[in-house]
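Worksheet: one structure, shown below.
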Amino acid sequence: MKPLLLHRDRDFVSSREVPREERYRVYAPVRQASPEESAMVRDLELDTLLRAMANDDAFLYEVARRALLSGFENDADTILYRQAILEDCLKSPQIVRALYGLAVETIDVRRKHWWGISSRIAGSILHSGVELMQMLMGMLRKLRDLADANRGRFESEGFTTLFRMLDRELSEDYFAAVQAHLSALRLPGGVLVSASLGLGNAVTGFVLREDRDRRPPWLKRLFRKGPPAYTFHLHPRDETGATIVSRLRDRGIAGVANAIAQSADHVLSFWEMLRVELGFYVACLNLREKLDAMGCSTCFPEPQATGSGLQRFTDLYDIDLALAMGHRVVGNTVVADGKSLMIVTGANQGGKSSFLRSVGLAQIMMQCGLFVGAEAFSAETCTGLFTHYKREEDAAMTGGKFDEEVRRMGGIADAIRPQSLLLFNESFASTNEREGSEIARQVVRALLEKRVKVFFVTHLYEFAHGFYATNRTIALFLRAERLPDGSRTFKLKEAEPLETSYGEDLYREIFPA
């Protein structure tokens, strides 16, 4: 059985990716980030978003983190598949949380049975396995009953397929058959084992048998002259004999003990995956509730085919900034269809970096199937997202800031692929204007030739104006708005780059006359 709530045809994460010893402690799909992903998480302040989704739950944090970082593997069809499921979740959040709660409860209760299954003694494995399967059957029945009671409230393909699978696989006949097997595996009348003699009269070929004549009719027992087979009895104090018999018993039941352990492991894998995949949607519900409480609008984005060049959004805002400030923030509206380069200039502290972050967050959230912080959002899917932000002075650096920028750019160049998205924020500003502009120009032109979409926030006038003069067909130029009195609206407008960033406004604010 597979939940299939994040992909139509496969699990979100394979159980092989989790170390075996961790499977029975805290199951979390840990994913190591690459250096470029780590830089993206830092630059876009993704931790703020993840903490809002996790709501102080370490498991949900890791599930959401993996979903966000792996989103660039998804195509538009997978994104729409998840959006439909999330819409169902938003309509019936209590039911989704109840389903997730069942998965969490199952995983928590199963830990009580772990020590028996981890034993090397077959009898202990069999006993714990039977008890664990008994508990799992009870939880599966609760899951089926909860799904049956609420299936009419869900319309998405993902939930419909899940509920149909539960109804098909978890029938009353199934529960009755499992219960009969579990009752037999408790071995209420003892153990009947057959064996044969092998090379050197070694006992081999142990097979656990079902005793169909354990209690013959009373009349037959009355007239029976002797025991039905050769029989011997152990003295109560014969510890050595008891040990030998115990070993023979364990060898006889080893096969069924292993089978019950594997069966329990199979059922547990379903619960673990259900917890992971429902956990993503519970994290989405957590985020939506926080944004709704602040009056922040959200929408389901429209993913476009990779390479289509389509991108437009209405009132797109920085979710990280809204979460940090606790209220709605200013958004921006842009139509950039057919534009592979967007250069953002304008006044200091005018909202340029916040806008850049809003674009990156919206792309990540769209590609993992989430809603985005906007009134409307439509963009082509990309194969990866990279960031190249300026860094503050670091005493531990072995070289200068410019050398560090170039090294990071080299790492991005090695990892980036066509149809990726690259966000630059004040890059190459650690050298002089002329040199920084020339390096930025050559880097951007090389990226555009490789079909990489670029957003570039910069104060390098020569760089920005050079593209404005020669490449306006493929480039969009945005400028942070500044009113005549020097105040900022935090809105971006299409406009020609200016030579000034109005740093004198900040000077007057800090050092008033």
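A few notes on this one:
- Exposure proxy ranking for Ile107, Ile125, based on other Cβ atoms within 10 angstrom of each Cβ and starting from the fewest, stands as Ile107, Ile125.
- Taking each residue as 0.36 nm, the span from Asp337 to Ser38 lengthens on full extension beyond its C-alpha to C-alpha distance by 104.7 nm.
- Spacing of the modelled spin labels on Leu80 and Ala293, each 7 Å from Cα toward Cβ, amounts to 3.5 nm.
- Summing charges over all other residues whose Cβ lies under 10 Å from the Cβ of Glu36, with Lys and Arg as +1 and Asp and Glu as -1, gives -1.
- Think of the stretch 374-471 as having a plus end and a minus end, set by charges on the Cβ of Lys, Arg, Asp and Glu; of His459, Pro418, Gly436, Pro418 sits farthest toward the positive end of this dipole.
- Under a 5 Å amide H cut-off, with hydrogens placed 1.01 Å from N, Asn332 pairs with Asp315, Leu316, Tyr317 among residues at least 5 apart or on other chains.
- Think of each Lys and Arg Cβ as +1 and each Asp and Glu Cβ as -1; about the Cα centre, that makes the dipole of the stretch 302-510 roughly 500 debye.
- Long-range HN-HN contacts of Leu476 with modeled amide H, under 5 Å: Leu341, Met342, Ile343
- Given charges at beta-carbon only (K, R positive; D, E negative), |dipole| of the stretch 338-437 in Debye: 220
- Gain on full extension, evaluated as 0.36 nm per residue between Val109 and Leu448 minus their Cα-Cα distance, stands at 116.6 nm.
- Working note: Karplus 6.51/-1.76/1.60 with θ = phi - 60° gives the stretch 481-487 the couplings 6, 10, 7, x, 7, x, 6 Hz, where Gly and Pro are set to x.
- A cut-off of 5 Å between modelled amide H atoms, ignoring neighbours fewer than 5 places along the same chain, links Gly346 with Ala480, Leu498.
- Report note on the peptides 169-177, 141-149, 92-100: ranked by the mean count of other C-beta atoms within 10 Å, highest first, their order is 92-100, 141-149, 169-177.
- For the stretch 302-510, the tally of Lys pairs with Cα-Cα distances below 25 Å comes to 18, considering only residues 8 or more apart or on different chains.
- The label point for Arg168 and the one for Glu87, both projected 7 Å from the Cα toward the Cβ, are 2.4 nm apart.
- Cα gyration tensor shape for the stretch 302-510, rounded if a/c is under 1.5, else prolate or oblate: rounded
- Simple spin-label estimate for Leu498 and Ser196 in nanometres, 7 Å along Cα-Cβ: 9.5
- FRET efficiency, Arg51 to Arg434 (Cβ-Cβ, R0 45 Å, nearest 0.05): 0.60
- The overall shape of the stretch 393-498, judged from the alpha-carbon gyration tensor, is oblate: a/c is not under 1.5, and a/b is no greater than b/c.
Read-outs: derived from the displayed coordinates by stated rules, not from any lab. Everything numeric here is computed off the predicted structure, so don't read it as measured data. All Cβ positions, even for glycine, are placed from backbone atoms using ideal geometry, and neighbour counts span all protein chains on display.
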